[in-house]
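Beneath this line is the structure, given in structure tokens, with notes to follow.
The values are calculated or read from the model by the stated rules, or taken from the named source; none is laboratory data. Quick caveat: nothing in here was measured; it's all calculated off a predicted structure. Because the Cβ atoms are built from the backbone with ideal geometry, glycine has one as well, and the counts that use them run over all protein chains shown. Areas reflect the complete protein model, heavy atoms only, side chains present, ligands, DNA and RNA absent. Shrake-Rupley method; radii C 1.70, N 1.55, O 1.52, S 1.80 Å.
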Amino acid sequence: MVEDSSRIAGPGLRADARRNRGRILVAARAVFAEHGIDAPMATVARRAGVGVATLYRRFPTRDALVRAAFAQQMETCARVLTEALADPDPWRGFQRLFETVCELQRKEQGFPAAFVAAFPGSMAEHTQARERAEQDLMTLVRRAQAAGALRADFHPSDLAVALLSHCGLVTALPHDSAASRRLVAYLLQSFRTEAAHGALPPPSALSLRNLPLEVDGSQRQRPSRA
């Protein structure tokens, strides 16, 4: 007997369940882009055309939904960081990493807040992954500085400031890819050793853990989740 394809389709999920999951993730990215990652779960369910109970069966917590919605983007960041560390030219690796994160900011406007929130420090299993990524990033920075490409006074908070600046641009001009690319180029040039002329003011206290990304895309201080 041929089994109903709506009931059995692939590992672990029926075909209709897979379709519901896919619709939920598409809807979540759209809702998070419009209203931030703290948008009501019921809004996501309505956009996906499923019941709230169905949404919670698939994603029992908001963090689970945020991580699933932006899993591909987070995996891209992790892969590019790994490739950057393996690149014999540390500046090229740093440049590609920065360009990739900024491109994700532009294409997925819910991603900046998810980038900060997807690995909350209160969850031990994600703390280790985040700390490992931070250590890898610092290794990349030190290599680029040792190679004489990245200015010696570059501070980790400068990356947070740069990403926050770019986030503000893409929030205000979501369809202006030329403005995004030009700002990214300006920022990268300012990070180069040859751009260092005179002392900079003291660095900011910002970090990737406490970027002030509010749920509606505005830039107000939000408490660190570390």
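Brief remarks follow.
- Counting residues in segment 119-142 that are buried (at least 20 other Cβ atoms within 10 Å of the Cβ), of a type in the set (Lys, Arg) and either within 23 Å of Arg181 (Cβ to Cβ) or modelled with pLDDT of 90 or more (or both) gives zero.
- For segment 50-102, taking the residues that are farther than 21 Å from Val170 by Cβ and polar (S, T, N, Q), the one that is least open to solvent (accessible area, probe 1.4 Å) is identified as Thr54.
- Cβ pairs under 6 Å, 6+ apart, first in segment 1-26 and under 25 Å from Phe111 (Cβ atoms), second at pLDDT 50 or above and in a loop (DSSP other than H, G, I, E, B): Asn20/Val50
- Just so you know, in segment 186-226 the residues that are acidic (Asp, Glu) and in a loop (DSSP other than H, G, I, E, B) include one that is modelled with the highest pLDDT, and it is Glu214.
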